[in-house]
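One structure is given here, and the rest of the page talks about it.
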Amino acid sequence: MYYTHNLRSNLQEWRNRLYKSTYNNFNNNYSFFFNKFKEVSVLNAIIEQCISDNPLDETSLEEMEDQLDNRFGFSFNNEKHAAAVLYQMIKHFERKGYEPVNIAFNLGAASSFDDCLDNFLNNFVEPIVVYIQDNLEHKSFILYLLLRYKMRTEWFLRENLYNQYKSATSNYEQIFEDDLRLFLFDQGVDYPFSTPSSASGRADIVSQLDSKDPLVLEIKVFDKEKSYTKKRIVNGFTQVVKYANDYHKDTGYLVVFNLDNVEIVINKNEPEKQLPTVVHFNNKTYHIIIINLKREASASKLGQLKTEIIHESELYEQLV
């Protein structure tokens with residue numbers, strides 16, 4: 001049901017394929033596995049963010065190479081630091097022109113291929129896989145809650161929230177922000193109350209900033225009666241990107257409350273099947289969740305539903 005769930009399963013399958021390698025097919029399986037970190041944008045975003053927070057220059061990598069006999073004595077600050085260092089070590093050997101099987105021999109440091117492979121996979125590849133799996137798991141949890149909130153709102157509380165909004169005279173978005181905060185708190189997200197100031201202003205919801213399950217979220221309303229058009233959604237995307245940068249997070253969320261009888265469509269440069277919309281920008285991942293509140297007639301009586309199309313390039317207009 002969720003994109004990250006499928007990706008976790010795929011990553012495990014790719015990892016198992018590498019672990020079952022023989023001497024003859026190791027090079028191919030190695031290339032297949034690590035190419036996925038370039039081809040799959042979410043994996044690339046996690047790795048690139050990991051490395052950018054723990055960069056190593058070639059001099060440092062050469063020094064670590066000289067200490068490989070003591071590799072089991074390497075100390076790491078945390079799982080993220082370990083994944084960054086180990087991934088950069090692997091890429092360091094690639095840049096030196098080593099074939100994958102020779103990388104395994106050098107980093108595995110054993111006399112037989114099976115022992116080298118076992119050491120290489122357990123001590124260099126596995127920490128990277130575990131770190132990525134953990135990151136996907138936490139991202140999936142927040143996304144699951146936001147999709148659950150969408151269903152809860154549209155199925156059970158649509159009319160109530162719609163009426164609150166229509167009777168308000170100001171602070172329209174605050175109605176939805178308060179409702180979402182309460183939901184997140186009830187679901188176990190600790191302290192979803194903070195709106196700390198950053199260089200880009202104040203995000204609607206920023207919680208658990210120092211945890212590995214961060215939430216940087218912006219709320220926008222789409223309502224043409226109040227001149228809240230797609231430009232407001234574009235502005236919201238710009239804000240959540242800036243907040244993610246300010247707080248050094250690699251994931252952000254834009255929740256749009258749609259008060260019109262239109263279908264808001266984010267037209268991606270590349271077709272996608274997963275929902276909600278996922279946008280990757282500057283090695284970071286952004287989820288756009290549309291919550292539809294105005295459905296005054298049944299589906300059979302609505303007729304043809306109008307669409308409001310936002311092209312992906314429009315989201316980037318204020319960011320380039």
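The values are calculated or read from the model by the stated rules, or taken from the named source; none is laboratory data. Everything numeric in this text was worked out from a predicted model, so none of it was measured. Glycine also receives a Cβ, built like all others from the backbone with ideal geometry; neighbour counts cover every protein chain displayed. The area values use the complete protein model at the heavy-atom level, side chains included, leaving out ligands, DNA and RNA. Shrake-Rupley method; radii C 1.70, N 1.55, O 1.52, S 1.80 Å.
Okay, here's what the table says:
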read-out	value
Within-14-Å neighbourhood charge of Lys226 [Cβ basis; K, R +1; D, E -1]	+3
Accessible-area order (highest first, 1.4 angstrom probe) of the listed residues Tyr19, Tyr131	Tyr19, Tyr131
Overall dimensions of segment 1-131 as given by Cα atoms, namely Rg and Dmax in Å	14.4, 46
Gained length - Gln164 relative to Asn25, 0.36 nm times residue gap less alpha-carbon distance	43.7 nm
Total formal charge among the other residues, if their Cβ is under 13 angstrom from that of Lys20, Lys/Arg +1 and Asp/Glu -1	-1
Point-to-point label distance, Gln133-Lys306, nm (Cα→Cβ direction, 7 Å offset)	5.0
Within segment 36-65, backbone nitrogen closer than 16 Å to the virtual label 7 Å beyond the Cα of Asn6 toward Cβ	40-43
Lys, Arg +1 and Asp, Glu -1 on Cβ, resulting dipole of segment 1-160 about Cα centre, debye, nearest 20	960
Accessible-area order (highest first, 1.4 angstrom probe) of the listed residues Glu65, Glu312, Glu317	Glu317, Glu65, Glu312
